[in-house]
Amino acid sequence: MDLHILDHRLRVTSISKSGLEQYTHPLIKLIFLRNRTRCKFFSLTETPENYTVVLDEEGFKELQPSEHLQVEGSTWLPLNVVSNGNASSSSQAVGVTKIAKSVIAPLAEQHVSVFMLSTYQTDFILVREKDLAVVVETLAEEFNVFREEGGESVPVHSQDACNGLQRNGREVPQATVHPVLIPENHFCVMSLDPDTLPAIATTLIDVLFYSNRSKEDASVDQDMEYIVFFSFSLIDGYISLVMDTEAQRQFPTDLLFTSSSGELWRMVRIGGQPLGFDECGIVAQISQPLADSDISAYYISTFSFDHALVPEEDLASVTEMLQAQRMSS
């Protein structure tokens, strides 16, 4: 398999709900006015706590500093796994499951923190730029590693990237087993032809910026039955949307498309308290048992919590696995 280090340098940010009005204009510009900005990688995810915005350096210029904007200090690089050009069979597990054993678990063992962004089209594994040498050396045995530069894929050899750097030989501390919340919402993972984006503009603006205004001051109840969650990504010209069925009903059915199975997904939300960015192994802890059981999953990290989406029919077995994990920790 090939591992591509994509030609984007990313920042991970959070906008508070109380400060959203200050950022509505730049966010609308980034979503709808692609010809007015040179941003090529943009992702916006609403959770009950805040809006997580992941974007490249061109897009980051649009966000003015303020008390409502939190910025994780690192520059992140997105990695993408390509199965030698072959599309995976629809019978195979999709999403983060495919890369759990080959990418996520080895990086966790090397104490490399990852930030996951699954989209309709693919899975992006974000790693800190400063960790790249360790990442390349760790994964070079399993993958042909390429770095995209100006539209060209240039092979990367571990010795080129590492300059003699040794693998992290430290024993990695056992990752904390975090509590999980399983809300009642049913979710869809969908896409949209970018040319039809103007046709859903008013609906998208309403869902993203106005639908939940009345709830913005409500404290986040950890026992909440339904969760506010909506994710929009526009990356290299491809659009991905993750929304619950209530939000989906507001959009024209003929414009959004999903996989032929039209599968509904349930969410496993990871973390009782905000997770932070330095703890390693959180994604591996969830994705590894799913991979062992060949259960498909999409995985979306946000500024405060992580979210795995699993097929509804697999939810009971996933819950069982996670309970067993908690009891054995």
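The values are calculated or read from the model by the stated rules, or taken from the named source; none is laboratory data. Remember, predicted model here, so these are calculated numbers, not experimental data. Cβ sites come from the backbone with ideal geometry, for glycine too, and all protein chains shown count toward neighbours. Just so you know, the surface numbers come from the protein's heavy atoms only, side chains and all, with ligands and any DNA or RNA stripped out. Shrake-Rupley method; radii C 1.70, N 1.55, O 1.52, S 1.80 Å.
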- State to the nearest 20 debye the size of the charge dipole of the chain about its Cα centre, where the only charges are +1 on K and R beta carbons and -1 on D and E beta carbons. 520 debye
- Over region 27-145, give the accessible area per residue in Å² for a 1.4 Å probe, as an integer. 41 Å²
- Query: From Cα coordinates alone, what are the radius of gyration and Dmax values for the chain in angstrom?
  - Reply: 19.1, 56
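How charged is the neighbourhood of Ala297? Take every other residue with its Cβ under 11 Å from the Cβ of Ala297, and add Lys/Arg as +1 and Asp/Glu as -1. All intermediate terms of the calculation are to be shown ahead of the outcome.
On the way: positive: Lys98, Arg266; negative: Asp123, Asp294, Asp314.
Residues close to Ala297 contribute a combined charge of -1.
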- Return one quarter of the surface area of the convex hull spanned by the alpha-carbon atoms of region 264-325, equal to its mean projected area, in nm². 4.1 nm²
- Specify the inter-centroid distance of region 230-296 and region 47-87, based on alpha-carbon positions, in whole Å. 16 Å
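Quick one: pull the percentage of alpha-carbon pairs in region 1-83 with a separation above 21 Å. The partial results should precede the final answer.
Numbers: 1056 of 3403 pairs.
More than 21 Å apart: 31 percent of the Cα pairs in region 1-83.
Tell me, what % of the accessible area of the chain is carbon and sulfur with a 1.4 angstrom probe? Walk me through the numbers before you get to the answer.
Working: 6970 of 15170 Å².
Of the solvent-accessible surface of the chain, carbon and sulfur hold 46 percent.
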- Message: Just to be sure I follow the definition: excluding the sites themselves, where is the longest run in the chain that has none of the GluC sites (Glu not before Pro) in a DSSP loop with at most 10 other Cβ atoms within 10 Å?
- Response: 226-329
- Message: Leaving ligands and nucleic acids out of the surface, order Met321, Met116 by accessible area at 1.4 Å, largest first.
- Response: Met321, Met116
- Query: How much accessible surface does Ser296 have with a 1.4 Å probe, in Å² rounded to 10?
  - Reply: 20 Å²
- Hey, what's the Cα Rg ratio for region 1-153 versus the globular rule of thumb, 2.2 N^0.38 Å? 1.12
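Just to make sure I understand: if all protein chains stay in place, what is the order of His111, His178 by accessible area at 1.4 Å, largest first? Intermediate values should be presented prior to the final figure.
Details: His111 65, His178 30 Å².
Result, largest first: His111, His178.
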- Note on the structure: Within region 3-87, DSSP-loop trypsin sites (Lys or Arg not before Pro) with at most 15 other C-beta atoms within 10 Å are Arg9, Arg38, Lys61
